[in-house]
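Since the structure comes first, as structure tokens, the remarks are kept for the end.
The values are calculated or read from the model by the stated rules, or taken from the named source; none is laboratory data. Note that the structure is predicted; figures quoted are calculated from it, not measured. All Cβ positions, even for glycine, are placed from backbone atoms using ideal geometry, and neighbour counts span all protein chains on display. Surface accessibility is based on the protein's heavy atoms, side chains included, excluding ligands, DNA and RNA. Shrake-Rupley method; radii C 1.70, N 1.55, O 1.52, S 1.80 Å.
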Amino acid sequence: MCGIVGYIGENQAAPILLDGLAKLEYRGYDSAGIAVYNGQEIVMEKSMGRLKILEELTHGGATMPGTVGIGHTRWATHGSPSDTNAHPHFNKEHSIVVVHNGIIENYGKLKTMLENKGYEFLSETDTEVLVHLLTEYYDGDPIPAIEKVMRRVEGSYALGIMFRDDPSHLYAARKDSPLIVGASAKGNLIASDVPAILRYTREVYYLENEEIVRLSADGVEFFNIDNEKVEKNVTVIDWDLDAAEKGGYEHFMLKEIYEQPKAVRDTISPRLKDSDVVIEELGMTDEEIRAVQKICIVACGSAYHAGVTGKYVLERMARIPVEVDLASEFRYRDPIYQEGTLAIVISQSGETADSLAALREAQQHGVRVLGIVNVVGSSIAREADNVMYTWAGPEISVATTKAYSAQLAALYLLAMKFAWVRGTITREEFRTLQSDLEQIPEQIESLLGIKERVQRFAQRYLAADHMFFIGRGIDYAISLEGSLKLKEISYIHSEAYAAGELKHGTISLIEEGTLVVALATQEKLYPKTISNIVEVKTRGAFVLAVTNFGHKEIEKNADYVIYIPKTNEYFANSLAIIPLQLFAYYVSLGKGLDVDKPRNLAKSVTVE
């Protein structure tokens with residue numbers, strides 16, 4: 001959500017800024033802009049719409065010479081998308097320029113104060129407050145001015161700042177919004193995420209909350225909010241740029257769908273050793289695992305759907321009570337914390353604002369927090385008591401696929417570990433689970449072979465207005481994610497329902513030709529799901545069923561059937577979700593939509 005790039009060094013800044021912003025397009029945006037110091041003044045260009053408009057306006061950056069600059073892609077919060085509201089933002093004298101990711105919660109009060117002092121506002125954004133505050137506090141030394149602003153504002157921010165009076169430096173600061181620093185021999189960079197700078201360096205520093213960085217062409221210095229120098233360790237990024245490129249696929253989403261076997265394999269293989277689950281980063285002794293009395297899983301979006309599956313698996317396999325909360329609701333329902341509670345916070349980016357806030361809320365009440373994240377060094381990874389990484393690699397498409405599958409794999413491993421330690425499964429059951437889990441990557445590969453069938457089926461529903469996904473137990477969790485995938489990239493209204501709830505109102509929406517996707521992978525619930533299929537068929541629905549190999553009798557009731565390989569029912573989500581991802585992808589593709597960057601959405605939701 002919003003993207004920041006900054007550069008200072010020996011090369012021309014504008015082309016680097018544009019290139020970096022292009023690598024951050026997956027975060028979602030509605031406008032873009034760059035500002036560069038040209039040796040005499042700071043010049044700026046910005047526009048509403050896609051980055052290619054800005055690239056054309058600047059001829060790829062050629063019309064904006066200079067070796068220091070900042071750039072931004074904006075996802076509108078305060079103020080509608082427009083050229084005026086786009087970042088960067090100047091002060092009146094064009095002596096200070098700012099880019100900002102986050103939300104300034106007290107901007108209304110600050111704006112009134114500044115207007116009373118004579119400052120004029122040109123945009124509707126909260127960010128313009130920051131540049132005027134900097135002007136108010138600036139007395140020739142940038143860092144004290146930045147510190148005063150940080151103490152005055154409330155909310156979240158990642159800032160990139162240039163001062164015309166100090167052209168040999170670039171400044172940045174953060175609180176609750178991601179920002180990294182890249183160091184190289186030819187210059188130094190700031191960015192919201194690693195892909196933006198990976199072409200130029202693999203050496204990265206992660207800014208902590210309320211830290212400031214001053215970059216020059218040949219060095220970086222870090223300070224805390226009290227203007228004390230901070231020593232930081234560099235992190236070397238070990239995945240290459242190709243991992244973040246399309247590699248011949250038409251879209252990142254399709255590429256990432258095809259990368260799921262590897263993502264799952266990389267997540268489970270290092271942790272299955274000698275008939276045991278070894279999760280070294282869990283940091284819990286067997287005694288501590290046995291002492292867990294309750295688990296709270298907290299997440300947003302697809303990660304929440306993975307958590308719903310985790311609840312079913314952990315409760316049934318390890319016999320531990322599990323609550324699953326949307327992170328945006330967790331703090332506000334005043335949850336009951338009891339001794340022996342473990343909180344599990346799941347996030348692909350590790351920067352999700354609501355999930356990060358929930359983590360801090362739990363820790364304030366003495367609850368141990370385990371983070372399940374995909375990005376090494378992210379905020380959740382750093383702040384959680386322990387972290388379990390999902391080794392999915394960089395995920396660029398806004399609609400998650402491989403990160404979701406890796407999250408499922410991590411939760412399976414966790415459930416197996418807890419179940420074995422707590423004695424709720426036998427050695428024979430453990431070995432069966434291990435064998436079934438190790439087969440999942442190969443089984444996903446086999447399901448990818450049906451993409452042409454799914455594509456042909458998807459062509460029938462390009463003009464659909466409504467669809468429904470139903471299932472029971474783990475199948476309901478699969479339905480949640482299948483429905484989300486469809487709606488977020490095809491813009492078709494889609495809802496997921498626990499199949500047993502159809503009679504309580506939802507079935508009134510079923511009419512002739514309505515597509516109902518029915519998940520039926522849970523053996524004990526199979527007859528009941530068949531009954532639900534019959535109910536919607538009777539009312540005119542067209543039913544697509546996803547079920548296990550061998551359930552041929554479902555063809556008597558469903559209009560179209562997709563079979564998944566047999567596996568342990570705990571792991572069915574990892575297979576059944578594959579055709580649903582492909583279905584969503586091909587519906588969106590058939591409608592001519594922007595599959596990787598759906599409207600109004602951002603990859604990493606870093607504001608509430």
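Points to keep in mind about this one:
- Ser405 part of a loop (DSSP other than H, G, I, E, B) and open to solvent by less than 10 Å² (accessible area, probe 1.4 Å): no
- Between Ile297, Ile257, the distinction of being part of a helix (DSSP H, G or I) and either at pLDDT 95 or above or in contact with a Cys (Cβ under 8 Å, 6 or more places away or on another chain) (or both) belongs to Ile257 only.
- Figure legend. Inter-residue proximity from the stretch 419-432: first residues open to solvent by less than 80 Å² (accessible area, probe 1.4 Å), second residues in a helix (DSSP H, G or I) and basic (Lys, Arg), beta-carbon distance below 7 Å, spacing 6+ or different chains. Indicated pairs: Val421/Arg290; Arg422/Arg290.
- Boolean, Val204 is hydrophobic (A, V, I, L, M, F, W, C), buried (at least 20 other Cβ atoms within 10 Å of the Cβ), under 22 Å from the mean Cα position of the chain (by Cα) and modelled with pLDDT of 90 or more: yes
- Checking each residue in the stretch 220-232 for being out of contact with any strand residue (DSSP E or B) (no Cβ under 7 Å at 6 or more places or on another chain) and closer than 11 Å to Gly187 by Cβ picks out no residue at all.
- Ser192 meets all of the listed conditions (1) within 19 Å of the chain's Cα centre (by Cα); (2) open to solvent by 10 Å² or more (accessible area, probe 1.4 Å) but one, namely (2).
- Any hit, the stretch 159-172, residues being farther than 17 Å from Gly6 by Cα and under 32 Å from the mean Cα position of the chain (by Cα): no
- Screening Gly283 with (1) surrounded by fewer than 17 Cβ atoms within 10 Å (Cβ to Cβ); (2) in contact (Cβ under 8 Å) with a residue 12 or more places away in the chain; (3) out of contact with any strand residue (DSSP E or B) (no Cβ under 7 Å at 6 or more places or on another chain) gives one miss only, at (3).
- Reported count of residues in the stretch 556-579, each being under 22 Å from Ala409 (Cβ atoms) and either part of a helix (DSSP H, G or I) or modelled with pLDDT under 90 (or both), is 11.
- The residues of the stretch 530-555 that are assigned to a helix (DSSP H, G or I) and under 36 Å from the mean Cα position of the chain (by Cα), listed by number, are Ile530, Asn532, Ile533, Val536.
- Residue pairs whose Cβ atoms lie under 7 Å apart, separated by 6 or more positions or on different chains, with the first residue in the stretch 544-556 and closer than 21 Å to Ala584 by Cα and open to solvent by 10 Å² or more (accessible area, probe 1.4 Å) and the second of a type in the set (Phe, Trp, Tyr) and modelled with pLDDT of 90 or more, are Asn548/Tyr563.
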